[in-house]
Amino acid sequence: MRYLKLWKIGLAIACLLVLTACSSAGADSKSSNKKAINLAYVEWDTEVASTHVVGQVLEDLGYEVTLTPLDNGIMWEALANGEVDGMVSAWLPQTHAPQVEKYKNKIDNLGENLTGAKIGLVVPSYMDVDSIEDLTNQANQTITGIEPGANMMATTENAYKEYKNLEGWNVLTSSAGAMTAALSQAISNNEEIIITGWSPHWIFNAYDLKYLDDPKGLYGTEEYIGTFARNGLKEDSPEAYNVLDRFHWTPEDIESVMFDIMEGMSATEAAKKWIDNNQDKVADWTQDAQS
């Protein structure tokens, strides 16, 4: 009897171990099958807003979403190498044209997601200058810029080649956040400042600003913001690919998200708020996806 009891106890323990192993294997299988997507972006206010909105939409569809902030040049390289899955941060047809040309065979162009964008030199409207070619000694001959890896900065640093009146000017590299902080401080003190600006951007809602005319076309004309994916994403994750492909909104949409972030809301909270208020647009982006 004692051996029989021991045998039964041993059998129960063996069964328990088998069940535990099966459960663990099932969990591992479920974990490995979990949908995942990694979106890259540059920490410009526009791209923070758009990437968090798209990321939240994909998360609502059941994806494990990673949002990776990168320097502009590294972002394109990471996409071309397949280290990230996609991005919604390409300024075209001019600003990021060199990167598109360099990596065109390694990335998938999904087209524009926002039209009516613009870049250039921006000043407070109270400044008595309207054109780049009329600049003399304003703002101590300093242009306040953003990250050194941005194409717009390279254009600005070489502007003296086209505009001889800018020879000897200083282009101050910083970050998008530092640039907007400097702008805010200058306006509060009614001081002169020249920045590398772009729209859509919340600063045009918050302050009375103007673009300086660019008669030599250094900064191009109207641009659009485009979406790109790594090669192979369409086959690996058609749901996510379709959302990225269908993603499209307006300057008013993105500015509302940017404004909420500027007012102190986290990027995730601002994205959720916009999604809640724009279910019709989100439904269009996700119509081929299933949660």
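When you go through Lys210, Lys281, Lys272 one by one, which is the residue that is part of a strand (DSSP E or B) and modelled with pLDDT of 95 or more? Outline the logic, then answer.
Numbers: Lys281 fails: part of a strand (DSSP E or B); Lys272 fails: part of a strand (DSSP E or B).
It is Lys210.
Quick grid of which residues meet (1) surrounded by fewer than 16 Cβ atoms within 10 Å (Cβ to Cβ); (2) within 26 Å of Tyr63 (Cβ to Cβ); (3) of a type in the set (D, E, K, R):
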{"residue": "Ala97", "(1), (2), (3)": "yes, no, no"}
{"residue": "Lys106", "(1), (2), (3)": "yes, yes, yes"}
{"residue": "Leu121", "(1), (2), (3)": "no, no, no"}
{"residue": "Gln141", "(1), (2), (3)": "yes, no, no"}
{"residue": "Asn151", "(1), (2), (3)": "no, no, no"}
{"residue": "Asn158", "(1), (2), (3)": "yes, no, no"}
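With within 13 Å of Asp214 (Cβ to Cβ), of a type in the set (Gly, Ala, Ser), at pLDDT 95 or above and touching a strand residue (DSSP E or B) at 6+ places or on another chain (Cβ under 7 Å) as the only criterion, which of Ser125, Ser131 stands out? First the steps, then the outcome.
On the way: Ser125 fails: within 13 Å of Asp214 (Cβ to Cβ).
Exactly one of Ser125, Ser131 is within 13 Å of Asp214 (Cβ to Cβ), of a type in the set (Gly, Ala, Ser), at pLDDT 95 or above and touching a strand residue (DSSP E or B) at 6+ places or on another chain (Cβ under 7 Å), namely Ser131.
Please tell me if Ala229 is assigned to a helix (DSSP H, G or I), on the phi < 0 side of the Ramachandran plot and either touching a Leu at 6+ places or on another chain (Cβ under 9 Å) or touching a residue at least 40 places away in the same chain (Cβ under 8 Å) (or both). I'd like the intermediate steps shown before the answer.
Numbers: assigned to a helix (DSSP H, G or I): no; on the phi < 0 side of the Ramachandran plot: yes; either touching a Leu at 6+ places or on another chain (Cβ under 9 Å) or touching a residue at least 40 places away in the same chain (Cβ under 8 Å) (or both): yes.
No.
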note = Output for Cβ contacts, cut-off 6 Å, separation at least six or different chains, first residue within 18 Å of Trp198 (Cβ to Cβ) in segment 133-146, second of a type in the set (A, V, I, L, M) and part of a helix (DSSP H, G or I), reads Thr144/Met179; Thr144/Ala182; Gly145/Met153; Ile146/Ala176; Ile146/Met179
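For (1) open to solvent by less than 60 Å² (accessible area, probe 1.4 Å); (2) farther than 23 Å from Leu114 by Cα; (3) in contact with a helix residue (DSSP H, G or I) (Cβ under 8 Å, 6 or more places away or on another chain), each residue gets a yes or a no:
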{"residue": "Glu167", "(1), (2), (3)": "no, yes, yes"}
{"residue": "Leu183", "(1), (2), (3)": "yes, yes, yes"}
{"residue": "Pro200", "(1), (2), (3)": "yes, no, yes"}
{"residue": "Asn231", "(1), (2), (3)": "no, no, no"}
{"residue": "Phe247", "(1), (2), (3)": "yes, no, yes"}
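Got a sec? Which of Gly111, Gly116 is under 29 Å from Val243 (Cα atoms), open to solvent by 10 Å² or more (accessible area, probe 1.4 Å) and at pLDDT 95 or above? Write out each step before concluding.
Working: Gly116 fails: at pLDDT 95 or above.
Only one candidate qualifies: Gly111.
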ask   = Taking segment 41-65 as the search range and keeping residues that are β-branched (Val, Ile, Thr) and either at pLDDT below 95 or in contact with an Asp or Glu (Cβ under 9 Å, 6 or more places away or on another chain) (or both), which one is most open to solvent (accessible area, probe 1.4 Å)?
value = Val65
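The values are calculated or read from the model by the stated rules, or taken from the named source; none is laboratory data. Remember, predicted model here, so these are calculated numbers, not experimental data. Quick reminder, even Gly has a Cβ in these numbers, built from the backbone with ideal geometry, and neighbours come from all protein chains shown. These area figures cover heavy atoms from the full protein model, side chains too; ligands, DNA and RNA do not enter into them. Shrake-Rupley method; radii C 1.70, N 1.55, O 1.52, S 1.80 Å.
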